[in-house]
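Before any comments, here is the structure.
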Amino acid sequence: MTDKPTKIYLGADHKGYQLKNKIIEWLKEWGYKTTDFGTNSDESVDYPDFASKVADAVADDAASLGIVICWTGNGVNMTVNKNHKIRGALAVNEEMARLSRAHNNANVLALGSQWVTEDEAKKIVKTWLATKFEGGRHERRVSKFSG
């Protein structure tokens, strides 16, 4: 993996807590610096509280990326995309992850713990991090919605 971000910010609700912890383990093994915004248990919490912290951190640190997780991935993705500097993308497979970076320059990855196994999540995250934005015709399109 080349051109590593300076840091990867992570956040999850209670349904994404365990997967978030696994992802942090993998990221550290792969040599990434991480910041965990929680949650830190499987007790019920509100996903916007954690996803918004990730969005704000990534918006303030343009060289960083973020990963957010909840049950479906939709709630955290909707939350991060409220920040005009965020390009959040929900991925349930490697191809969606790859295209979200290559074509949309996504800076936050949203995962649904209900829809991906640990093995699938590992492949999705690895693919997402390894993929570079292609620019070109995609740059014009991304600039129309990006802050």
Show the residues, 5+ positions off or on another chain, whose built amide H is closer than 5 Å to the amide H of L90. A110
Would you mind putting 119-125, 12-18 in packing order, based on average other-beta-carbon counts within 10 Å, highest first? 12-18, 119-125
In nm², the average projected area of the convex hull spanned by the Cα atoms of the chain is 7.5
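When the dipole is taken about the Cα centre of segment 85-138, and only Lys, Arg (+1) and Asp, Glu (-1) are charged at their Cβ, what size is it in debye, to the nearest 20?
Taking the Cα centre of segment 85-138 as origin, the dipole is about 340 debye.
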Relative to the longest principal axis of the chain, what angle (0 to 90°, nearest 10) does the C-alpha long axis of helix 17-29 take? 60
Could you work out the Rg to Rh ratio of segment 84-130, with Rh taken as the Kirkwood radius (inverse of the mean 1/r over all Cα pairs)? 0.95
Helix-only CD estimate at 222 nm, as mean residue ellipticity for the chain, using -39500 (n - 2.57) per DSSP H run (n ≥ 4): -13000 deg cm²/dmol
Looking at the calculated P(r) for segment 1-60, what percent of the C-alpha pair distances fall above 19 Å? 30
Can you list the HN-Hα couplings for segment 102-108, worked out from phi with the Karplus curve (6.51, -1.76, 1.60; θ = phi - 60°), rounded to whole Hz and with x for Gly and Pro? 5, 9, 10, 6, 4, 10, 9
For the chain, whose charge dipole is built from +1 on Lys and Arg Cβ atoms and -1 on Asp and Glu Cβ atoms, the candidate among W71, T34, H103 with its Cα farthest towards the positive end is H103
At a Förster radius of 41 Å, what calculated FRET efficiency corresponds to the Cβ-Cβ distance of K122 and S143, to the nearest 0.05? 0.80
Please turn the phi angles of segment 111-126 into ³J(HN,Hα) values with the Karplus equation 6.51 cos²θ - 1.76 cosθ + 1.60 (θ = phi - 60°), one per residue in order, whole Hz, x for glycine and proline. 10, x, 5, 6, 10, 10, 6, 4, 4, 5, 4, 4, 5, 4, 4, 4
Which value, in debye to the nearest 20, gives the size of the charge dipole of the chain about its Cα centre, when Lys and Arg are +1 and Asp and Glu are -1 at the Cβ? 700
Would you pull out the residues with amide H under 5 Å of H14's amide H, same chain only if 5 or more places away, H placed 1.01 Å from N? V45
What percent does the relative contact order of the chain come to when contacts are Cα pairs within less than 8 Å and at least six residues apart? 24
Which one, Y47, A89, Y17, is farthest towards the positive end of the dipole of segment 8-143 when Lys and Arg carry +1 and Asp and Glu -1 on their Cβ? A89
With both bridge residues required to lie in the chain, what share of the DSSP beta bridges run antiparallel, to the nearest 5%? 0
Under-15-angstrom lysine pairs by C-alpha in segment 19-101, whenever the two are 8 or more apart or on separate chains: 6
Jot down the per residue volume, in cubic angstrom and as a whole number, of the convex hull over the alpha-carbon atoms of segment 13-92. 86
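Any read-out appearing in this document is the output of simple, stated calculations on the displayed coordinates, not a laboratory observation. Just so it is clear, the model here is predicted, and its values are computed rather than measured. When we count neighbours, we look across all protein chains shown, and the Cβ atoms used for this are built from the backbone with ideal geometry, even at glycine.
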